[in-house]
Amino acid sequence: MAKALKNKNATATPKSVVMATPAGQVNGAAIWAFINTHAAGQANNVQIVLLPNAAKGVPFGNNGKAGGVRQTVQGWVHNGHANGHTVGAVLGAGTKLGHSRKNPVCLMAYLNGGYSPSSSTWGTAFAQLVVSPQPTK
């Protein structure tokens, strides 16, 4: 019986990594642990990917006053920012408006299904965080 030869130069195709924290349990510490572990601490390497249930908006709504911080940051989480649809782009722009990088409530609302457990959609994610493999040089 012949043994299969292994190619020492063959490499596995890298796969994207998706944040595994269940909806309803995502907090700022979990987001940053994911970024630090899977994106080398670089929030710009983490994409915000909307799930199909967010196609027509989110049922927990754009809370806050029209043009206010919450509505603006939610818009960036949903549609992306001019600098990209990454955690880094959204939080970088949001901090200029007073939104917290450590406790990004608007991003967490998309990941948890609302702003609090009293939300009727709590536990239903509307987005996920994804780190795609970086091309090798």
Review point. With each label point set 7 Å from Cα along the Cα-Cβ vector, what nm distance links LYS15 and LYS102?
Key: 3.5
Check your understanding: Say each of ALA54 and ASN83 gets a label point 7 Å from the Cα, pointing the same way as Cα to Cβ; how far apart are those two points in nm?
Key -> 1.9
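Each reported figure results from applying straightforward, stated rules to the coordinates on display, with no laboratory input. No experiment lies behind these values; they were computed from the predicted model shown. With ideal geometry, Cβ positions are generated from the backbone for all residues, glycine too; neighbour counts draw on all protein chains shown.
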